[in-house]
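Notes follow once the structure below has been shown.
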Amino acid sequence: MGKQQLKGKDFLKLIDYTQDEINYLLELADELKTLQKGGKSTQPLKGKTLGMIFEKSSTRTRVSFETGIFQLGGHGIFLSTQDIQMGRGETIADTAQVLSGYLDGIMIRTFAQETVEELAAYASIPVINGLTDLYHPCQVLADLQTIKEVKGKLAGIKLVYIGDGNNMAHSLMIGAAKMGMDLTIVSPKNYQPLQEVTEQALQISSDHGAKITVTDEPQTACEDADVIYTDVWASMGQEQEQAERELAFKGYQVNEALLAVAKPDVTFMHCLPAHRGEEVSAAVIDGKHSVVFQQAENRLHAQKALMVALMGDAE
């Protein structure tokens, strides 16, 4: 499967990974996907166990990781906050050290990025960030795989993200900057990405021939776009802001009018779950330009690559 470059490394945020390392993961994901589609099995993680800590619930994250580790010959253990002592006051540091004695890797889906960082600091096994309020690197790894499949390349692709300047926007900015893409984030002024993440992305972009822009003008941003991407307006934990956000994001729906100013072969993406009639029209997400289910499936293949690279035995 190629030389394992990343054994033992954590996957907390894309900033920590070079362009070469991301390309390696994408190539491995493609290889694993091809094997699976061809009916061939490979079990490089036979006998390995992944602990999966969920402080936030999920469909795609849980099923893709649990299925992925099984297909690779290993075993996944679902750990909700009701299942482990971390949810009842045991320190993150103690939990990390205890789990390191039992497991070969940890995936955690939680609220604070600091929780993931502390877990990784005390664990002696790889820690994978399945999502925090700040970043969603696993999703963007699958997104990059999907764009490369559909468009044949990453460098020079014009990607437009329309929506909340949230963890998706943050990770897309870093991923696009690392891979030489032209990314425009389109958000209402009070909902734009954190300035510190924007500055990091701009700094990275200058080294990779990328272009990162933040604006509040969706129509202009979508002109000649290769890919248009959106996310829900109110993420998990923001449900009480739903009415307020619906007002703020009025005019930011991805619909046929926006696709009409993009390239004729524009691709529509969404990390799901989607709210038809809010951030995206049904005609767009269910139409010929949408690759949302290919994108969702690639969570499985990208994360299998990640687990093989981080948890596999060196060749």
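Here, each number is a calculation from the coordinates, and none is a lab measurement. This is a predicted model, so every value here is computed, not measured. With ideal geometry, Cβ positions are generated from the backbone for all residues, glycine too; neighbour counts draw on all protein chains shown.
Table for the structure above
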{"quantity": "Dipole-positive endmost among 206, 156, 191 within segment 139-295 (Cβ charges, Cα centre)", "calculated": "156"}
{"quantity": "Dipole moment magnitude, nearest 20 debye, the chain about Cα centre, only Lys, Arg, Asp, Glu C-beta charged", "calculated": "1000 debye"}
{"quantity": "Value of Rg/Rh across segment 63-107 [Cα atoms, Kirkwood radius]", "calculated": "1.02"}
{"quantity": "Cα-Cα over 23 Å, subset of 263/288; 56/153; 13/189; 9/304", "calculated": "56/153; 13/189"}
{"quantity": "Centre separation in Å (Cα based) which lies between segment 270-288 and segment 57-109", "calculated": "31 Å"}
{"quantity": "Volume per residue of the C-alpha convex hull in segment 1-122, rounded to whole Å³", "calculated": "115 Å³"}
{"quantity": "Among 166, 255, 298: highest mean-square fluctuation, GNM of the chain, C-alpha pairs under 10 Å", "calculated": "255"}
{"quantity": "Three principal axis lengths of the chain [C-alpha, angstrom, descending]", "calculated": "54, 44, 36"}
{"quantity": "Distance in nm between pseudo-label sites at residue 250 and residue 215 (7 Å out along the Cβ direction from Cα)", "calculated": "2.3 nm"}
{"quantity": "From phi via Karplus (6.51, -1.76, 1.60), per-residue ³J(HN,Hα) for segment 232-243 in Hz, x at Gly/Pro", "calculated": "4, 7, 10, 7, 3, x, 10, 4, 5, 9, 4, 5"}
{"quantity": "Semi-axis lengths, Å, segment 139-295, gyration tensor of Cα atoms, sqrt of 5 times eigenvalues", "calculated": "22, 19, 14"}
